Amino acid sequence: MNRESNKWEKLTAFSTMALAGFALIALVVAYRQILEFHNATQAQHLHEVVDQFDDGPISATLRALATKRIDQKRETLKSLDTDDPPMEMYDVLDFFEYVALLTKRGYLDKNDVWEMFSFSMFSIYADARPLIDDDQKSDPSEYAGFSSLMVDMQQIEAKENRSADDHPSPKDIYLFYLGQAGAKAGSLPTRGPRTKK
């Protein structure tokens, strides 16, 4: 009886270990599937946001903002009147506030956002900074998501490019807007030459 009991205990222990092993494998497979689904969902969201920026109304809004922000005769950036800014600037800031929200909630990956939008974001944020600061004095939540995302973008930029583009000069911003003023729908802003600081 003792021998029979011992066999039964060994068989039970082996069965329990096998069941635990199968459960672990099932968990790993499920985790990988969830991760793949999450990555696919992020890629889909990124595609949709890029389409909005590149071909949607934001593209036309950015071109309109660009024409209002530059003085082509003097080849300079116009002064920003924070009491009467171009309305398009608010639309572009709202778009990037939306991107920040999607990123915060995990629908977009920060590195993907940096890859696709950082050049535009650094230029627009630097240009709009007086307006953002002014708005945040009366309401700290105004563009807080975009401001927070810009901190993340600067950290990624420092890691990836040694901060090549994260502090554009007024001349850099002018060149960015000049490119946007003549851009056609369907063409994302590209990294251009930076002036020496």
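The values are calculated or read from the model by the stated rules, or taken from the named source; none is laboratory data. Owing to the predicted nature of the structure, the values given are computational and were not obtained by experimental measurement. All Cβ positions, glycine included, derive from the backbone under ideal geometry; neighbour counts span all protein chains shown. Just the protein is used for accessible areas: all its heavy atoms, side chains included, with ligands, DNA and RNA removed. Shrake-Rupley method; radii C 1.70, N 1.55, O 1.52, S 1.80 Å.
Quick notes on this one:
- Residue that is out of contact with any Ser or Thr (no Cβ under 7 Å at 6 or more places or on another chain) and open to solvent by 60 Å² or more (accessible area, probe 1.4 Å), where the choices are GLU97, GLU115: GLU115
- Some residue of segment 83-94 being modelled with pLDDT under 95 and hydroxyl-bearing (Ser, Thr, Tyr): no
- Among the residues making up segment 132-144, a single one is part of a helix (DSSP H, G or I), surrounded by 18 or more Cβ atoms within 10 Å (Cβ to Cβ) and under 21 Å from the mean Cα position of the chain (by Cα): ILE132.
- Residue list for segment 145-165, restricted to those being open to solvent by less than 40 Å² (accessible area, probe 1.4 Å) and over 19 Å from LEU80 (Cβ atoms): GLY145, LEU149, ASP152, MET153, ILE156, GLU157, ASP165
- Among the residues of segment 65-74, not a single one is modelled with pLDDT under 80 and in a helix (DSSP H, G or I).
- Test: residue in segment 87-106 that is under 19 Å from ALA181 (Cβ atoms) and free of Cβ contacts under 8 Å to residues at least 24 places away in the same chain: yes
- Of the criteria (1) part of a helix (DSSP H, G or I); (2) of a type outside the set (D, E, K, R); (3) loosely packed, with under 13 Cβ neighbours inside 10 Å, which one SER79 fails: (1)
- Answer residue from segment 82-118, given it is part of a helix (DSSP H, G or I) and of a type in the set (Ser, Thr, Tyr) and is nearest to ILE173 (Cα to Cα) among those: SER118
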